[in-house]
Each structure stands twice: as structure tokens, then as C-alpha cells.
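Structure, as C-alpha cells:
The values are calculated or read from the model by the stated rules, or taken from the named source; none is laboratory data. Predicted model only: the values in this text are computed from it and were never measured. No Cβ is skipped: glycine too gets one built from the backbone with ideal geometry, and neighbour counts run over all protein chains shown. The protein model used for the area step is the full one, side chains on, heavy atoms only, and it has no ligands, DNA or RNA in it. Shrake-Rupley method; radii C 1.70, N 1.55, O 1.52, S 1.80 Å.
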Amino acid sequence: MPELSALEICRLAPSQVYRALTTSPQGLSADDVRRRTIRDGPNSLQALRRTPLISRFARQFTHFLALLLWVAAGLAFLADALHEGQGMATLGWAILGVILINAVFAFLQEYKAERAVQALRNLLPAKAWVMRDGQQQQIARSELVPGDVLILEEGEQVPADARLTEAVGMRVDNSSLTGESKPQRRIAEPITDGHPLDIPNLVFAGTTVLSGHGQGVVFATGLKTEFGKIARLTTTVQTGLSPLQQEIVKVTHVVAGLSLVMGLIFFTIGVGMGLGFWTSAIFGIGIIVANVPEGLLPTVTLALAMGSQRMAARKALIKHLASVETLGCTTVICTDKTGTLTENRMRVDKLYVDDLVVESRESCLFTRNRLISAAEAERWRPLFDAMVHCNNAKRTRRPDGRSQATGDPTETALLEFAADHGLLHRPPLRRMGELPFDADRKRMTTLHWGEGRLLAFTKGAPESVLPLCTRQQSSSAVTELTLDERKKVLAQGQVFAQQAYRVLALAMREVERGVEELDADTVEHGLTFLGLVAMMDPPHREVPDAITTCRRAGIRVIMITGDHPLTALAIARKIGLAQESVVTAPGRFVPVIEGSQIDTFSDDQLRRLLTPTSPGEPDPIFARMAPRHKMRIVSVLKGMREVVAVTGDGVNDAPALKTADIGIAMGVAGTDVAKETASMILLDDNFATIVSAIEEGRAVFTNIRKFITYVLASNVPEVMPYLAFGLSSAPLALTVPQILAVDLGTDMVPALALAAEPPHGNIMDEPPRPRTERLLNREVLVRAYGFLGLIETAIAMGGFFLYLHSQGWTWGTPLDWNAPLYKEATTVTFAGIVAAQAANVFACRSDRTSAFRLGWFSNPLIVVGIVVESTLLLILTYSPVGHWVLGTASLPAWIFIPLIVGAIGLLLADELHKLVGGRLKARQPVPAK
Ligand code: ATP
């Protein structure tokens, strides 16, 4: 196949395009595809160049905190060389070890987090519709080859550069290539000249179809596309830190600053007490590095990534880590009905035709329980023709040989109905044009040629179609549609809607020959009403429970649907969103608001409508909404400082998705445009999944708090020995290497285990966390430093003095730092902190719920953490390596008994604290939200 440039291909007539690209309207054969894939490669862009792993690893040795550690190690070696401090070289080596362990750990965490986020991207492979071997098929975009016949629908991203051979009302957004966001019209006719990106019969990879649909032949794929040429220039992708990550950086800096002050104070005290300059300096730096939460940022990043992985397992795909945290703060969910609250699996149940309600049961039609024969049904042929022809769904053959309709669920339901009842058999009319469905107009019209006539079929919401009708079709004749008849039809539509049916009206007219351009003014008037179709779309099974959970969790759910108010209300009742009895008296709360009313409201009125006057008051239901109304509601809610999550699927939903705090697109029914704009994608299009994701979002935040509480608590028993040493004549109960062994050794795995806690049952019993709430608030600091930390100090230092006294030491007796008794006693302090932290990890699993109620094995990582922690303690206490690096000494077994009793005491004290705290909280009145 000769390679053709965009300028050559745009000049050809559609029929010549197929020949030039050696393909046909039936598409390529499997053999052609194989050969072209070998020749042209896959339709993907070369993987973007990333920072090499080695330099990312090197970065772990050069950040601020690592530099601090380097300085400390350097000073230790210098002191040793100057013979200024005892065992300073050992300390130097210990700090170097810490730098290495820290770097490896941080690197692995970051790498794991990045891999997790990347794996999520592959969960939603990009697809394209093509004709191959005469069949319409959906394939992965990467499998497209030049010559493929591409089918493009509204909202899709164009997967490769293609020359259009068919275009119906098509407009594209080329802004990703040209920066120009004005929609551009696309046609199939030949064009002689122009700049390639402006030629209206070409579409380019990376751009999107804003409206209409079309068909084209691919002429460039992968790096040969215009988009590929630009992507070649791109090198690395920069991703910023999420607000929570930024806060962690701030927390790290605050804690580092505090440690610096403490280090300086200790240095001054040391020098004042005659410890010598070098020894005091090293201990001062030891204090600083021991208290700085070095591993916090990578652990938080990993916690966010693990949270998004857990969300993906529950079918919510998060596109940016920042959204994980925002989700936890969500206060309002604005949700569509069709496909989110309901299954979007529609089925035609009833028709209203010829003044009769006709029911469809098991492929038969009945009226008042009387079976209607096929011959009888033939009299309603115009209605069936409209259902089949004013329809873009397609019947395709499945691998098992059976036919199946694919496309918009409303339209597939019409096609399936016709197929089920054997109504497809007439020779198809030739489609001449289309006014595509549009959520604002709520109708669509198609134009056809057949049997020497030009026919237009219209279908849509009854209020949108009926005003265009002047006549109606009965079995025997076409008669005038009188006012009474019109009322009767609308009343029947309301009866269907009250029964939770989605209702469509169908109409037709013969169009004068010579109508060149299909537009609403020339065609959509003087129509003949054919009948109503009622479709059932049942709610997802999980939705009622999810709505109840939202209520418990203080999250408001607002339905915003394009459907009829009565259908919306009927579904709202089914899922527990609306009460059985609804008050609509003037001046009272009106629960169902229509789009036309919204247009008359000022922002203030809308704000009042959206402000609940009392807790538990049902939120209004918004029906017959156009995308612009949705956008307005979202903006007003945001102005009310609500954290708004919004669902959407169409191109027109993109502005609302972008404006919301969390834009949620449907993974199955959503367009590429919606998915591109959204921050979260529902892989199963189910409302209940949003609620699960919010639960995970809340869990991530509380988990990060849990491990921060855990890590900060151990800082107190680490610092207290130094304060005691500085302020009294007490011997120093803990050495700097032992502090580092706790922070960067024994504490590591249990802290990670806390970051992986599954959400606890009661996490959705509390109101949403205010977005302004700090991670490190007073409650966390008091619990970590003032409560848990102090008990840990009592255990560790109590153990230290108990051991000294048991060995005959008395207060005031000087202790040689190299004496075996001193080494054993400091090892007891070290063991005491580790034992206390083992109990603390259970205490930190929740700040409210009793550790005994959470189940000991509900987070297996905790058990792993305790095992690793205990093993490390034993190795460091009893092995020569431990003795050499940490200056520890082997301990007699009996000393572990008071340490373990102390640890159990910590857990019990925390239980008591939770019990009393819980009781006090229960007595407080619940603040009105
Ligand atoms: P939601 O906004 O909750 O997804 P929806 O799907 O009913 O609800 P729209 O897609 O805006 O919202 O549809 C609004 C109305 O337009 C429907 O109630 C129906 O009467 C009509 N309609 C929907 N799909 C089509 C279609 N393919 N052709 C013609 N009319 C349609």
C-alpha cells in the first residue's frame, strides 16, 4: 500500500479513499491486519522517557534530611579521628547504615506506589470500533492499522489519523493538537487544499468527536500520526504533589524544626555539663535525626497508592492520587439516574398505540390480556418502523452465532423489542441524514429514502415530540391530533412515568423531495404521532443500601436526571431517596424541580433550595435537566462550600465534571471525553461504587493519622532519657544508635501495617471530615505525645531503673558508659520501647474503637509487623552484630516480664481512655450540620 500524505488523501472521493488505502467499506480481513501490523507496528506512542531508576535512587541520598544525616555521620567520624568521643566511629557507621536503609526503603515505597498507579491505568484499556471482515467489532486501539475502517461516535477520542468517508452532524475538538477549542465541522466530501489540521474531511488521533458520528479510513497510526509527531518531543511527565502530600512535607518540616531546637538545647546542656563539644554535638544531632520523620512522605504516597488500589478492587478507578483524599471529604453526591442508580439495561415493556396499552411479555404482545397476532400487529407498522430506523444501535453477531444489539441502551432496547417480536423483516430504508440525539432537545430525527418517498422519523421525550405533532396515526387512518387527544397521550405518558417507566414518543412525516440540508426547522414540524414506548430500567441492587450508608455518613445525595419528573420520583422512591408521601403544596418544600424551573431561579433561590432547613430533610430531585442545569447546581453547591462529587457520561457533562471537586465518569457507558475530564471512573457504572470509594478515601486519611500517631508516640521515650540526663543526674538511658534502630528498624513494618488498615465498620457513621481539617491536629498530638508517649516513657525508663536497682545500683552512683551493666540497662530501655510500640500498634488501629473489637487478625500485616519487630529486637539484643552496632548487651529473660506487663498496661489504659472518651462524646449533643 503506497503511503499517502494528508494533502493527497483529502482530495479523493470517498470511494477512491478505500481503493487508495487498499481496503473496502467491509474493512480489512484478518490476514490484511496481520500483515499491516508487522509492517506498521502497533498504534501506540513510544513509552515516554522517564527519569532513569538509578538517578531516582540517587535522589534518596541527597534530599534535605539525608544531607542532615551525612553531616551527622561526618561529624561522628571526625570526632573519632580527633579521639574526642568514645565509639564515635561506630555511631558514624550506624548513621551511614541508616542513610542506606532509609534510601532503599523510600525508593522501594515510591517505586511500588508508582507501579500501583500505573497498573490502575491498564484497567481501562482504550477501545475503538472498526469494520473488519464485514463485521462491526470493538478492538483495542493499539491494534488499529492503516486501512482500518473506523466508526466514530459522539464523545469518542479519535484513535488514529483517518480520512472521513461518512459524517453526520460531526464536530470535533482539535484543541489537543492546535490549541483551538472552537468545535470544527467535519464532512466526508473531497477538499482540494488547506493546512492539514484544518482540512474538514480529516480527523486526527488525540482529538475528540464533540457531536454527531461518522466513519473513516485510517491512514496513519502510532508515531506517524500528527499527535505522535508532537508526543515525540515530550520527555518526562511531571506530576505535582497532592494537598495531603504537601501537608506531609509541611509536617516533616515542622517536626524537623522542633527537633532542631531540641537538638540545640541538648547540645547547650551537654556543653554546660562538661560533656565536651564533640560528644554534645553528636548527641544533639542524634536527637535531631531521631525525631525527624524521614520515611513519612514515601509512606504517605504508598498509603494513597494502596488506597487507590483498594478502590480499584472495588471498581472505582482513581486518576490522581489527590482525589483519594478529596473523596473522603465529599459532602454531596450529584448523581444521574440512568445507568448510575439504574442498571441501564432497558427493556420495552409497554406501548401506547392506537388508543390501546399494549404489553410485551415473552416475545408476545397483549392488550387487556388478549394475545395480539402478528397480522394484527402489522397495522402498527409505522410505529415499529420508527423504532427500528430512528435508531443508531446495531445488531452484531456474537461468537456463539447469536445476534445482539449494541449501542445506546435506549436504542438497543427498541431494536431488541423489534427483533423479539419478528418486526425487523422489511427491507431497510436508506438513511439520508440525521439530527442526532441531544440532551438539551431530548429528541432525534432521521431522514430515509425508500419506496419512492422521503420519510422523517422522530423519537424523544413526549414533551419534546408532541408539540411538533399535528396529526396522529390510528390503525385505520391518519387523523388530526386534537387538544383532547394530546392531553390523553400526555396523561398516558404520566401513568407510565409514575410506574417508573422511561417514556419515548415516536412520530413521522413525509418530507417534500429536494430537502438538501436536514435541519430542525425544515423537518421537525407537522409530524404524525405514532405512539408511546415505555421502558423499564431497574435500579442496581446495591443502591438502596448505599443510599442508607450515605445518610449515616452525612453525605447528601441529589439526583439530577434528564428523565421525566415522575419517572425520577418513582425510581427515587424505589431506592429510598424520596419518601412515600411527597408534599408539593405551594410555599412548602417541593422535592421535584424541573430544568425549566431552574432557568427562572436566581442563584440565591437555588442556594436556598439546596440548603436543608432541618437535618434529614430530603433533598430535591432534579428532573428534565439539561447539562447546563447540572453545571449550575454544581457551581452553586461549591459556592456553599460543599465538597461535590458529580457523575456524568456525555460530552456535555464535561464542564460539570471539571467544576466538581470529584468528577466521576462511567467506565462502561461514558464517553472518552467524560473519562478524560473526570478524576474518577466507575468501572461498573454503579452508584454504590462511589460510596465504597468514599469509604476507602476516608480510611486512607485516618490510616495516615494512625501511623503518624504511632511514629510520634515513640519519639517521647526516645527524647525523655536525654531530658532526664540533662536536667538531673540520671544516667543516659538510651543511646543514639538505639533510637535510630527503633525509628528506622523496629517501627517500620508495623507503621506500614497501619497504613494498610481496611476501613472499619464505623467509618461511615461519622460526618464527612472538613476539608480544612489538619492531619496533625491537637487531638493527634495530645494522644501521641501526651498520652501514649508518656506511658511508653514510663515503661522504658521504669525498666531501665528497675534493672539497675536489681543489679545493686543506687541513685547517684556514677556509671561507666562501657560497663556491661550500663549496656544491659540501656538495652532494657530499648526493649521497653519496642515492647510498648508492639502494644501501641494495636492501640493506634483506631482512636475510638476498642482494639479487642477490631479482631486480632483482620489486618494480617499487623501480625507480620509484630513478628518482624520482635525478631529484630531479639537479634539486636542477643547477636554480636547488635552489640557492636547498637552497643547493646544480652539480657536475662525475667526483665521481659515487667516490660510485657507494662505493654499490656498501655493497651488497657488506652482502652479505658477510649471508653471514657466514647461515653463523653455520646453525651454531647450532635451538632446540626
Ligand atoms: P440521566 O440524566 O439520569 O442519565 P436520561 O438518560 O433520561 O437520564 P438524557 O439522556 O438526557 O437523560 O435523556 C432525556 C430524555 O431524552 C429521556 O428521558 C428520553 O425521553 C429522551 N431520550 C433519551 N435517549 C434518547 C434517544 N437515544 N433518542 C431519543 N430520545 C431519547
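Order the following by accessible area, largest value first: 331, 702. Probe radius 1.4 Å; ligands, DNA and RNA are ignored.
702, 331
Heavy atoms only, 1.4 Å probe, whole protein assembly: order 774, 443 by accessible area, highest first.
Largest accessible area first, the residues go 774, 443.
What aspartates and glutamates sit close enough to residue 487 to cross-link, taking a C-alpha to C-alpha distance under 19 Å and skipping anything fewer than 8 places away on the same chain?
354, 355, 463
Send over the per residue convex hull volume for the stretch 462-532, Cα only, as a whole number of Å³. Intermediate values should be presented prior to the final figure.
Values: hull volume 6.6 nm³, N = 71.
Output value, Cα hull per residue: 93 Å³.
Counting Lys and Arg as +1 and Asp and Glu as -1, what is the net charge of the other residues whose Cβ lies under 15 Å from the Cβ of residue 757? It would help to have the intermediate numbers written out before the result.
Values: positive: 310, 698, 705, 706, 845, 848, 853; negative: 695, 696, 847.
Neighbour charge sum, excluding residue 757 itself: +4.
Measuring from centroid to centroid over Cα atoms, what is the spacing of the stretch 320-387 and the stretch 267-287 in Å?
If you average the Cα positions of each part, the centres end up 79 Å apart.
With everything on Cα atoms, drop me the angle between helix 30-40 and the longest principal axis of the chain, reported from 0 to 90° to the nearest 10.
Value to nearest ten degrees: 50.
What does the accessible area per residue of the chain come to in Å², with a 1.4 Å probe and no ligands, DNA or RNA counted? Write down the numbers at each step before the final one.
Working: 40720 Å² over 929 residues.
Result: 44 Å² of accessible area for each residue.
What distance in nm separates the two pseudo spin-label positions at residue 355 and residue 605, each 7 Å out from Cα along the beta-carbon direction?
Each label point is offset 7 Å from its Cα along the Cβ direction, giving 4.1 nm.
According to the square roots a ≥ b ≥ c of the eigenvalues of the Cα gyration tensor, what is the shape class of the stretch 348-535, taking rounded for a/c under 1.5, prolate for a/b larger than b/c otherwise, and oblate for the remainder?
Rounded.
How large is the accessible surface of residue 868 in square angstrom, using a 1.4 angstrom probe and rounding to the nearest 10?
Probe radius 1.4 Å; accessible area of residue 868 about 60 Å².
Given R₀ = 60 Å, what would the calculated FRET efficiency be for residue 545 paired with residue 78, taking r from the Cβ atoms and rounding to 0.05?
The computed FRET efficiency comes out at 0.35.
Round to a whole angstrom and tell me the spacing of the C-alpha centers of the stretch 156-194 and the stretch 487-531.
Using only Cα atoms, the two centres lie 31 Å from each other.
Using a probe of 1.4 angstrom, how much of the accessible area of the chain is carbon and sulfur, in percent?
Accessible surface attributable to carbon and sulfur in the chain totals 59 percent.
How would 441, 771, 395, 430 rank on accessible area, largest to smallest, probe 1.4 Å?
The most accessible residue leads, giving 430, 771, 395, 441.
Given contacts defined as C-alpha pairs under 8 Å and at least six residues apart, what's the relative contact order of the chain, whole-number percent? Kindly include the intermediate steps, with their values, before the conclusion.
Working: 1689 pairs, mean separation 102.8, N = 929.
It rounds to 11 percent for the chain.
Put one equal scatterer on each alpha carbon of the chain, apply the Debye formula with no solvent term, and list log10 I(q)/I(0) at q = 0.07 1/Å to two decimals.
The Debye formula, applied to the Cα set alone, gives -0.72.
Using only DSSP helix segments of four residues or longer, with each worth -39500 (n - 2.57), what per-residue ellipticity at 222 nm results for the chain after dividing by its residue count and rounding to 500?
On the way: 35 runs with 424 residues, N = 929.
Calculated mean residue ellipticity at 222 nm is -14000 deg cm²/dmol.
Given R₀ = 51 Å, FRET efficiency for residue 901-residue 271 by Cβ-Cβ distance, to 0.05? Don't jump to the answer; show the numbers that get you there.
Numbers: r = 39 Å, r/R0 = 0.77.
So, using R0 = 51 Å, E works out to roughly 0.85.
What residues from the stretch 790-821 fall in the zone where the backbone N is under 19 Å from a label point 7 Å along the Cα-to-C-beta line of residue 890?
Once the point is set 7 Å along Cα→Cβ of residue 890, 807, 819-821 turn out to lie under 19 Å by backbone N, inside the stretch 790-821.
To the nearest 10 square angstrom, how much accessible area does residue 638 have with a 1.4 angstrom probe?
Residue 638 has an accessible surface of roughly 80 Å² with all protein chains in place.
Could you tell me whether the stretch 387-488 comes out rounded, prolate or oblate from its Cα gyration tensor? Rule is a ≥ b ≥ c as square roots of the eigenvalues, rounded for a/c under 1.5, then prolate if a/b exceeds b/c, otherwise oblate. If you can, show how the numbers build up before the last one.
Details: a/c = 1.83, a/b = 1.63, b/c = 1.13.
Prolate, since a/c reaches 1.5 and a/b exceeds b/c.
Do any of 350/459; 319/675; 112/250; 394/459; 394/630; 459/675 go past 19 Å between their Cα atoms, and which?
Pairs exceeding the cut-off: 112/250; 394/630; 459/675.
Report, in degrees rounded to the nearest 10, the 0 to 90 angle that the Cα long axis of helix 715-727 makes with the longest principal axis of the chain.
30
Would you calculate the convex hull of the Cα atoms in the stretch 437-497 and tell me its volume per residue in Å³?
Given the Cα convex hull of the stretch 437-497, per-residue volume reads 114 Å³.
Each label point is 7 Å from the Cα along the Cα-to-Cβ direction; what then is the distance between the points at residue 684 and residue 773, in nm?
Distance between the two pseudo-spin positions: 2.8 nm.
At a probe radius of 1.4 Å, what is the per-residue accessible area of residue 897, in Å² to the nearest 10?
Surface open to solvent at residue 897 totals about 110 Å².
For the peptides 36-43, 311-318, what is the packing order when you average, over each peptide's residues, the other Cβ atoms within 10 Å and list the highest mean first? Each step should come with its number before you reach the end.
Working: 36-43: 16.5, 311-318: 20.5.
Order by mean packing, descending: 311-318, 36-43.
If R₀ is 56 angstrom, what is the calculated FRET efficiency for the pair residue 853 and residue 223, using the beta carbon separation as r and rounding to 0.05?
Step by step, r from the Cβ atoms, then E = 0.45.
With axes computed from alpha carbons, what is the tilt in degrees of helix 483-498 against the longest principal axis of the chain, rounded to the nearest 10 within 0 to 90?
Its long axis makes an angle of about 30 degrees.
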